[in-house]
Amino acid sequence: MQKLLVIGSVNMDVVSNVKQFPLPGETIHSSDMKFVPGGKGANQAVAAARAGAPCVMIGAVGLDPFGDTLIASLSEKGVDAKSVLRKEGTSGIALITVSEEGENNIILSAGANGQITEEDLASVVQWDGACAVLLQNEIPWETTLAALRSAKEKGVRAFLNPAPARALPEELFSLLDTLIVNETEAAVVTGVKVVDVETAETAADWALAKGASSVIVTLGEQGCFYASAQGARAAVSAFRVQPVDTTAAGDTFIGAYAAASADGLATEEALVFAAAAAALAVTRHGAQSSIPDKAEIEAFLASR
Ligand code: RIB
């Protein structure tokens, strides 16, 4: 299998579990507090590697002790972390509050993620032998754009998950093999309020008309919708599970989908595989700590 590249963020998640989210001005007690490796880029890399794809992470951590832990976590989970740079200052930090319903709030401090430049990419990214690159929106936007342009030049498929959500310039859509958005991101990117499969299709059509080759809209408990410029359409249901923490569910879906596609699975099969990976992730706590491996995903699918 050809390798996947992930160019994106690496964070230390500081996770507090609470009964319910605090109101403005309110102080509440947390029932538990943990430090868990996270970051949308690193989570997607871990999900891809655990799902069986050779995967290289390109990003940056600080010179602080969190940086050592974050690099070690990536390596332990099978990601090639040799291209994760060390930058002056602190690593990215995500302050995460998880409610009893498993929902979360996240506040990001970019730290080293905010220092990744186009020049850094030129010095570490090895495009040869890569089939796809996964990008998100937690490193400087100019760097992500430069990566998208390079991927196009090199003939490497680009998957973009613009999270946290941002509007995208028109010229960007033609650089994308796959745009992956949840309901919130779809609304910001396409202007369509996505609430179900039908509205997901409208949002996907909007992005296809702008030049994306394919679009996946994830819909939480309602599954996901896929559409391609060649006219393929698929709606895949979510697996019913009892969620304890939805952190990194989207990242797990994306990494597992990219790994399954790189392994040659047909699109609909890859979407079902990704949905199973995400279902398992929401039944576990934390970001990288919740991401299942290929054997777990296959066993889950076989049990359904
Ligand atoms: O998508 C979940 C991730 O978002 C967390 O791991 C956190 O680091 C933020 O980047």
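List of remarks:
- Choice from ALA60, ALA81, ALA277 showing the highest fluctuation, given a GNM over the chain with Cα pairs closer than 10 Å: ALA81
- Springs join every pair of Cα atoms under 10 Å in this Gaussian network model of the chain, and among GLY191, GLY211, GLY25 the largest mean-square fluctuation is at GLY25.
- Remark: the chain carries a charge dipole of roughly 360 debye about the Cα centre, counting +1 on each Lys and Arg Cβ and -1 on each Asp and Glu Cβ.
- Mean separation of Cα contacts under 8 Å, 6 or more apart, over the residue count of the chain: relative contact order %: 19 percent
- Cα-based equivalent ellipsoid, the stretch 198-243: semi-axes from gyration tensor eigenvalues, Å: 23, 9, 7
- Cα-Cα separations in the stretch 41-88 greater than 15 Å, expressed as whole percent: 35 percent
- Cα-based shape type of the stretch 23-160, given that a ≥ b ≥ c are square roots of the gyration tensor eigenvalues and the cut on a/c is 1.5: prolate
- Per-residue Cβ neighbour rank within 10 angstrom, fewest leading, SER9, SER290: SER290, SER9
- Quotient of Cα Rg and 2.2 N^0.38 Å for the stretch 21-100, N being how many residues it contains: 1.31
- VAL244 paired with ALA266, simple spin-label distance in nm, labels 7 Å along Cα-to-beta-carbon: 3.6 nm
- Selected from ALA132, PRO164, VAL189, residue furthest toward positive end of dipole (the stretch 120-216; charges at beta carbon): ALA132
- Residue exposure proxy: CYS55, CYS224, ordered by other Cβ atoms within 10 angstrom of their Cβ from fewest to most, comes out as CYS224, CYS55.
- Cα centroid separation, the stretch 222-238 to the stretch 146-193 (Å): 17 Å
- Highest-MSF residue in the chain out of SER109, SER213, SER31 [GNM, Cα springs under 10 Å]: SER31
- For the stretch 102-142 versus the stretch 56-70, the gap between their alpha-carbon centres in whole angstrom: 12 Å
- Amide H to amide H, with H built 1.01 Å from N, ASP13 comes under 5 Å of VAL36, GLY38, ALA94, counting only residues 5 or more places away or on other chains.
- Farthest toward positive dipole pole in the stretch 187-304 [+1 Lys/Arg, -1 Asp/Glu at C-beta], among THR202, PHE239, GLY223: THR202
- Ellipticity estimate at 222 nm from DSSP helix runs (n ≥ 4, -39,500 (n - 2.57)) divided over the chain, nearest 500: -10500 deg cm²/dmol
- Around the Cα centre of the stretch 1-124, unit charges on the Cβ atoms of Lys, Arg, Asp and Glu (plus for the first two, minus for the last two) sum to a dipole of about 340 debye.
- Kirkwood hydrodynamic radius over Cα pairs of the chain, then Stokes diffusion coefficient at 20 °C and 1.002 mPa s, in µm²/s: 113 µm²/s
None of the figures in this text is laboratory data; all of them are computed from the coordinates on show. All values derive from a computational prediction rather than experimental measurement. Glycine gets a Cβ as well: all are built from the backbone with ideal geometry, and neighbour counts include every protein chain shown.
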